[in-house]
1. Scan segment 167-186 for residues that are under 19 Å from Ile135 (Cβ atoms), buried (at least 21 other Cβ atoms within 10 Å of the Cβ) and of a type outside the set (A, V, I, L, M) and report the count.
2. Considering segment 48-75 alone, what residues qualify as being over 16 Å from Arg27 (Cα atoms) and either touching a Lys or Arg at 6+ places or on another chain (Cβ under 8 Å) or part of a helix (DSSP H, G or I) (or both)?
3. Between Asp82, Asp60, which is exposed (fewer than 12 other Cβ atoms within 10 Å of the Cβ) and without any contact (Cβ under 8 Å) to a residue 40 or more places away in the chain?
4. State whether the residues of segment 157-180 include one that is of a type in the set (S, T, N, Q), within 26 Å of Leu208 (Cα to Cα), at pLDDT 95 or above and under 15 Å from the mean Cα position of the chain (by Cα).
5. Among what's in segment 222-251 and is in contact with a Gly (Cβ under 7 Å, 6 or more places away or on another chain) and small (Gly, Ala, Ser), pick the residue that is farthest from Glu133 (Cα to Cα).
6. Working carefully through the options Val17, Val23, Val46, find the one that is aliphatic (A, V, I, L, M) and farther than 15 Å from Ala121 by Cα.
7. Looking at segment 76-102 only, could you name the residues that are farther than 23 Å from Trp29 by Cα and touching a helix residue (DSSP H, G or I) at 6+ places or on another chain (Cβ under 6 Å)?
Amino acid sequence: MTSASEFLEYSPTEPLVLGSTEVHVWRGWLDLPASRIQHLKQTLAVEERTRASRFRFSTDRNRFIAARGTLRAILGRYLSKDPHTLRFAYNGYGKPVLIEELENDPIQFNVTHSRNLALYAFTRQGEIGVDVEEITAEAKDYENLAQRFFSAAEVRELRSVPVEERQAAFLNGWTRKEAYIKARGLGLSLDLRQFDVSLTPGVPAALLANREAGQEHTLWSLYELAPGPGFTAALAVKGSIEMLRCWHWPA
């Protein structure tokens, strides 16, 4: 697979074509000027505006508008459609799909955000999930957290990592597990301890085992993403891909 870990700047004049064996990941900032937030708000559906209005704090409300509006803007570029005309359906766990794409050559997508950064992942290959987490200076007992959420094999791997690398190892594991369950579209109904991922810094991202009945871990690919200083991220895709391309969406 050809990969691109650097998020390149995107020119709005560049046509967007998503090949059948490609994955595209976009990075976008959510703290945008008021004029940009207002513009993006106009592209949202009534249901999305209603959801935005329920946020108590303006920062959270504006970030929601930015995330959903940017998703619509990117999808609009892929489909050559007005972002406002796009319609979404949701599965029982809240994962969205494009209604217009259900019976055609579908674009699968997933969105994640942490603080003021969002990632948007797109493919025609199959199920896809992405997760990003902020790296903070807050001291945490990562071994205790792992015992609550990770499998026994992952806990052992975390303990084998030098203390100074355990935050990075834990976040590797967490983002990879979150990306996988988001790709599956089952939310936290899927037990995080039912499957194993790699987490040691420097070791390639991988789904190592899956003890869930009927699920074969070799059908999935995991990738480490580098969205920028202060963040770590992961991507999960069902099947193998030939190219991963990463861009920064202009504000």
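The values are calculated or read from the model by the stated rules, or taken from the named source; none is laboratory data. Quick caveat, the model's predicted, so the values are computed rather than measured. Cβ placement follows ideal geometry from the backbone for every residue including glycine, while neighbour counts extend to all protein chains displayed.
1. First, the residues of segment 167-186 that are under 19 Å from Ile135 (Cβ atoms): 167-179.
Next, only the ones that are buried (at least 21 other Cβ atoms within 10 Å of the Cβ) stay: 169-179.
Subset that is of a type outside the set (A, V, I, L, M): 170, 172-178.
Qualifying residue count for the region: 8.
2. Kept after step one, since they are over 16 Å from Arg27 (Cα atoms), are these residues of segment 48-75: 48-62.
If the condition is that a residue be over 16 Å from Arg27 (Cα atoms) and either touching a Lys or Arg at 6+ places or on another chain (Cβ under 8 Å) or part of a helix (DSSP H, G or I) (or both), then Glu48, Arg49, Thr50, Arg51, Ala52, Ser53, Phe55, Ser58, Thr59, Asp60, Arg61, Asn62 are the ones that fit.
3. Working: Asp60 fails: exposed (fewer than 12 other Cβ atoms within 10 Å of the Cβ).
The unique qualifying residue is Asp82.
4. So far as segment 157-180 goes, yes, one or more of its residues are of a type in the set (S, T, N, Q), within 26 Å of Leu208 (Cα to Cα), at pLDDT 95 or above and under 15 Å from the mean Cα position of the chain (by Cα).
5. Gly239
6. Values: Val17 fails: farther than 15 Å from Ala121 by Cα; Val23 fails: farther than 15 Å from Ala121 by Cα.
The unique qualifying residue is Val46.
7. Arg87, Ala89, Tyr93
Condition check ((1) modelled with pLDDT under 95; (2) part of a strand (DSSP E or B); (3) within 19 Å of Thr112 (Cβ to Cβ)) across all residues:
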residue: Ala137; (1), (2), (3): yes, no, no
residue: Pro201; (1), (2), (3): no, no, no
residue: Leu208; (1), (2), (3): no, yes, no
residue: Trp247; (1), (2), (3): yes, yes, yes
